[in-house]
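Dropping the structure in here first, questions after.
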Amino acid sequence: QVQLVESGGGLVPAGGSLRLSCVASGNIFSIRAMGWYRQAPGKQRELVASITARGSANYAASVKDRFTISRDNAKNTVSLQMNSLKPEDTAVYYCNADLTPAFSGLGSVYWGQGTQVTVSS
C-alpha cells in the first residue's frame, strides 16, 4: 500500500524558516511529478510548488524566491524549504505524488495527510 507522510510543520515567527519533508513508501514502480499544496481556513487548496522527476520546478507566484522544492528520487522524498515566511503562509501543507504502484499499470495521484504550518506576526 502506497503512503505519503509529511513532516516538519510547526509554529514559526514571521521572517523565519521551516523545512517540510515528505516520503512516499510502499511498493512503487515510478513517480512522476511530486508537489506541495496548501489550504488555509476558508480557502481552496492551492499549488505551492511542484517538481518533475527530472528536477524541473514550478512555483506559485506568492512563494517564488522564498520557497525551494527539491526531491531525492532514490529515496522517494520531496522537500520544501520555506524562507522569509509570512503570516499569509499559514495553512495545512499537503504533499502529493503522481505515481504508479508496483504490479499495477494504473497511475494515480496520492496525497499525504497534511502538516500544519503557522506563521505568527
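The values are calculated or read from the model by the stated rules, or taken from the named source; none is laboratory data. Note that the structure is predicted; figures quoted are calculated from it, not measured. Heads up, the Cβs are rebuilt from the backbone with ideal geometry, glycines too, and the neighbour counts pull from every protein chain shown. The protein model used for the area step is the full one, side chains on, heavy atoms only, and it has no ligands, DNA or RNA in it. Shrake-Rupley method; radii C 1.70, N 1.55, O 1.52, S 1.80 Å.
Give the Rg (one decimal place) followed by the Dmax (whole number) of the chain, computed from C-alpha coordinates and expressed in Å.
Looking at the chain, its Cα Rg and Dmax stand at 14.2, 48 Å.
³J(HN,Hα) across the range 73-85 via Karplus (A = 6.51, B = -1.76, C = 1.60, θ = phi - 60°), whole Hz, x for Gly/Pro?
Calculated HN-Hα couplings, in order: 5, 5, 9, 6, 10, 9, 10, 9, 8, 10, 10, 6, 5 Hz.
How high is the relative contact order of the chain, in percent, counting Cα pairs under 8 Å that sit 6 or more residues apart? Please list the in-between numbers first.
Details: 308 pairs, mean separation 43.7, N = 121.
Here the relative contact order equals 36 percent.
In square angstrom, what is the accessible area per residue of the chain with a 1.4 angstrom probe?
On the way: 6480 Å² over 121 residues.
Counting only protein heavy atoms, the per-residue value for the chain is 54 Å².
For S17 and V109, what is the calculated FRET efficiency with R₀ set at 35 Å and r taken between the beta-carbons, to the nearest 0.05? Don't jump to the answer; show the numbers that get you there.
Details: r = 28 Å, r/R0 = 0.80.
With a Förster radius of 35 Å, E is 0.80.
With a 1.4 Å probe and all protein chains left in place, how much of the accessible area of the range 1-103 comes from carbon and sulfur atoms, in whole percent?
That fraction is 49 percent.
Could you tell me the center-to-center distance, by alpha carbons, between the range 87-121 and the range 38-68 in angstrom?
About 11 Å separates the Cα centre of the range 87-121 from the one of the range 38-68.
Nearest 5 is fine: what % of DSSP beta bridges in the chain come out antiparallel, could you say?
On the way: 41 of 45 bridges.
If I count the DSSP bridges inside the chain, around 90 percent turn out antiparallel.
At 1.4 Å probe size, put T90, T52, T100 in order of accessible surface, largest to smallest. Before the final figure, lay out the partial values.
Details: T90 35, T52 60, T100 15 Å².
Largest to smallest exposure gives the sequence T52, T90, T100.
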